[in-house]
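What follows is one structure encoded as structure tokens, with my remarks underneath.
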Amino acid sequence: MAQENIVNALLYAPQYRPNMSSMIRSAEFYGLKSIYIYDKNGLLDPPNNKTSRADMNHLARVWTAGAIEFIEIIKIPDIQDFLKNYSGRKVATLLDKNANHLSDFKFQANDLIILGSEKQGLDPEALPLVDQNIYIPALGHTPCLNVAVTFGIVVNQAIGQLV
């Protein structure tokens with residue numbers, strides 16, 4: 001079983017290994033002992049041959065700068081069941097101006113910070129299971145940030161409030 005985190009993080013269907021690796025690296029940097037991943041795109045499962053598995057293990061260590069050695073990856077097979085039964089608040093990052101502005105949001109211990117996939121965000125059936133929505137407003141012309149950058153900003157805000 002995972003060691004207790006101040007806040008928890010769920011990577012919801014990441015689509016690109018470098019982004020997923022960056023988020024794992026950031027999670028470990030901020031002291032998370034575990035991270036949940038709903039891996040419907042199969043990024044955690046290398047092809048079933050010895051060379052591919054060895055290459056993926058090597059790349060995971062390189063891309064995470066070794067963080068993968070210090071954080072537990074918890075694969076979530078049934079996202080609906082997981083979200084329904086998670087005991088803390090479920091806080092999702094959304095591109096929605098009606099969501100809570102990140103700088104106004106007050107994190108709580110045991111919050112689950114959820115970041116959706118790079119292209120699609122959260123699936124529509126997951127949205128009703130989320131308790132709070134947050135967003136980082138763009139001040140420039142670019143409408144959104146890379147998911148790994150967003151992850152670092154949000155986790156930094158949460159840890160800064162709770163530690």
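The values are calculated or read from the model by the stated rules, or taken from the named source; none is laboratory data. In this text the structure is predicted, and so the values were computed from the model without any measurement. Here the Cβ is made from the backbone with ideal geometry for all residues, glycine too, and neighbour counts use every protein chain on show.
For segment 101-154, which residues satisfy the criterion of being closer than 18 Å to Y30 by Cβ and in a strand (DSSP E or B)?
L112, I113, I114, L115, I134
In the list S26, S21, which residue meets the criterion of being buried (at least 16 other Cβ atoms within 10 Å of the Cβ), more than 17 Å from I79 (Cα to Cα), at pLDDT 95 or above and not aliphatic (A, V, I, L, M)?
Details: S21 fails: at pLDDT 95 or above.
None of the other options fit; the residue is S26.
Right, Y86: at pLDDT 90 or above, in contact with a His (Cβ under 9 Å, 6 or more places away or on another chain) and surrounded by 11 or more Cβ atoms within 10 Å (Cβ to Cβ) or not? Break it down stepwise before answering.
On the way: at pLDDT 90 or above: yes; in contact with a His (Cβ under 9 Å, 6 or more places away or on another chain): no; surrounded by 11 or more Cβ atoms within 10 Å (Cβ to Cβ): yes.
It is false that Y86 is at pLDDT 90 or above, in contact with a His (Cβ under 9 Å, 6 or more places away or on another chain) and surrounded by 11 or more Cβ atoms within 10 Å (Cβ to Cβ).
For segment 63-77, how many residues meet the condition of being at pLDDT below 95 and either of a type in the set (S, T, Y) or over 16 Å from N5 (Cβ atoms) (or both)?
Qualifying residue count for the region: 6.
Give the residue, chosen from L102, L139, L127, L95, that is within 21 Å of I37 (Cβ to Cβ) and either of a type in the set (A, V, I, L, M, F, W, C) or touching a Phe, Trp or Tyr at 6+ places or on another chain (Cβ under 9 Å) (or both). Write out each step before concluding.
Numbers: L102 fails: within 21 Å of I37 (Cβ to Cβ); L139 fails: within 21 Å of I37 (Cβ to Cβ); L95 fails: within 21 Å of I37 (Cβ to Cβ).
Result: L127 is the single residue among L102, L139, L127, L95 that is within 21 Å of I37 (Cβ to Cβ) and either of a type in the set (A, V, I, L, M, F, W, C) or touching a Phe, Trp or Tyr at 6+ places or on another chain (Cβ under 9 Å) (or both).
How many of the residues in segment 55-95 are in contact with a strand residue (DSSP E or B) (Cβ under 6 Å, 6 or more places away or on another chain) and among the acidic types (D, E)?
Number of matching residues: 1.
Do the conditions hold for Q80, that is, is it closer than 22 Å to K33 by Cβ, modelled with pLDDT of 95 or more, surrounded by fewer than 16 Cβ atoms within 10 Å (Cβ to Cβ) and of a type in the set (S, T, N, Q)?
Working: closer than 22 Å to K33 by Cβ: no; modelled with pLDDT of 95 or more: yes; surrounded by fewer than 16 Cβ atoms within 10 Å (Cβ to Cβ): yes; of a type in the set (S, T, N, Q): yes.
Against the criterion (closer than 22 Å to K33 by Cβ, modelled with pLDDT of 95 or more, surrounded by fewer than 16 Cβ atoms within 10 Å (Cβ to Cβ) and of a type in the set (S, T, N, Q)), Q80 does not qualify.
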